[in-house]
Amino acid sequence: MIERNNAILTARKAVAPVMEQCGFTTATEVKRENASVYDYEGEKGVLRLVFSTDRIHLLSGETGVDRADDTAFNLDSTFLFEPDTFDDRDLKSLVNEMTEYLTETYGEKKAIVSKKKNIQTVSRTAAKQGVLAYDPVTLANKLCAMYPGLKEDLQENVNTYGEFLCEDFFTQHANAEILRDIRENNPQRMKKLFGILGEIYEDGTNEVQSLIAVTILGEIRDDPTLTQNMIPYLTDTMAEPVLAAGERLKKSAASRMRLENPPKYKPKKQKQRKGFMSALMDPQNQQRR
């Protein structure tokens, strides 16, 4: 168990140098009744850390963002934060994940644009501790670190539909990159690619497991060379369902047709939204998805 204020202080001290490296050099505490909030400002814009009951929310806003208007910020990512159950190793793991994410996401010299739709991902800490499960958009986001050219496609997908349409993103964009690496069979690239797929599959939702086995790796069903290239890198958990999905798609024309012609997109009905910060603090939003 770690005292909450000490845990917040430790996390802030640890991320401060990374914030500066990413160009966010001015730190300011923001007064909020229901959370500890800190802004980090630079030429790129503003990053905001919100320490809620059991989460750390990372928000981003463009230069000149209205600090008093929480809805002006994008909800970027969420990390598990439970000082009551954390030991020093848990806190160190959390800090490492936050600094890694900040470096990967904001290390490039790009300004923050607030008009994007939010892309919220599941952190490694939350997934490994079983609080949240990896979902399709987290898989897409992790693959964007390996294939930077996909970043704009991912953002455009979310901007266009107001949510993440995984089938469209993978079949139209990401699968080509993945299949190219499997075809080239470079050991370093393959280890990195299947490290991502294996991690997400192991601690992912049923939806993301099906996405990996069927929509992504199912595309190599008719190519024995690609199958053989892939097999050494499949985890024990992935191997049977991935190979079974490939065989089923190879034999079933109906399954292939459903995969190649997914249902048309139907927008969800709009619900009345709470204030942004209120929604973050809502206990119902802290439950495992």
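The values are calculated or read from the model by the stated rules, or taken from the named source; none is laboratory data. Here the structure is a predicted model, which means the values were calculated and not measured. Cβ placement follows ideal geometry from the backbone for every residue including glycine, while neighbour counts extend to all protein chains displayed. Each accessible area value is taken on the protein alone, full model and side chains, heavy atoms only, with ligands, DNA and RNA left out. Shrake-Rupley method; radii C 1.70, N 1.55, O 1.52, S 1.80 Å.
Numbers below:
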item	result
Residues (farther than 15 Å from Ile212 by Cα and either surrounded by 15 or more Cβ atoms within 10 Å (Cβ to Cβ) or among the hydroxyl-bearing types (Ser, Thr, Tyr) (or both)) located in region 178-189	Asp181, Asn185
1 or more residues modelled with pLDDT of 90 or more and out of contact with any strand residue (DSSP E or B) (no Cβ under 6 Å at 6 or more places or on another chain): qualifying helices (runs of 4 or more DSSP H) within region 201-289	206-210, 224-230, 236-251
Which listed residue is open to solvent by less than 20 Å² (accessible area, probe 1.4 Å), under 23 Å from the mean Cα position of the chain (by Cα) and either among the aliphatic types (A, V, I, L, M) or under 16 Å from Lys250 (Cα atoms) (or both), from Gly218, Gly198, Gly204	Gly218
Count of region 43-54 residues which are modelled with pLDDT under 90 and in contact with a helix residue (DSSP H, G or I) (Cβ under 8 Å, 6 or more places away or on another chain)	4
Residues that are assigned to a helix (DSSP H, G or I), open to solvent by 50 Å² or more (accessible area, probe 1.4 Å) and touching a residue at least 12 places away in the same chain (Cβ under 8 Å), drawn from region 96-112	Thr103, Glu104, Thr105
Residues located in region 7-41, provided they are open to solvent by less than 30 Å² (accessible area, probe 1.4 Å) and modelled with pLDDT under 90	Val30, Ala35
Hey, Glu156 out of contact with any strand residue (DSSP E or B) (no Cβ under 9 Å at 6 or more places or on another chain), modelled with pLDDT under 90, within 20 Å of Ala16 (Cα to Cα) and not small (Gly, Ala, Ser) or not	no
Output for region 159-177, where each listed residue is within 18 Å of Leu217 (Cβ to Cβ) and either open to solvent by 10 Å² or more (accessible area, probe 1.4 Å) or modelled with pLDDT under 90 (or both)	Cys166, Glu167, Asp168, Thr171, Gln172, His173, Ala176, Glu177
Scan of region 228-250 for residues that are surrounded by fewer than 17 Cβ atoms within 10 Å (Cβ to Cβ) and under 24 Å from Gln188 (Cβ atoms), ordered by number	Gln228, Ile231, Pro232, Thr235, Asp236, Thr237, Ala239
Selected residue (only one of Arg4, Arg55, Arg67, Arg48 is touching a strand residue (DSSP E or B) at 6+ places or on another chain (Cβ under 8 Å) and surrounded by fewer than 19 Cβ atoms within 10 Å (Cβ to Cβ))	Arg67
Within region 70-95, considering residues that are small (Gly, Ala, Ser) and either closer than 10 Å to Thr125 by Cβ or within 20 Å of the chain's Cα centre (by Cα) (or both), the one least open to solvent (accessible area, probe 1.4 Å)	Ser77
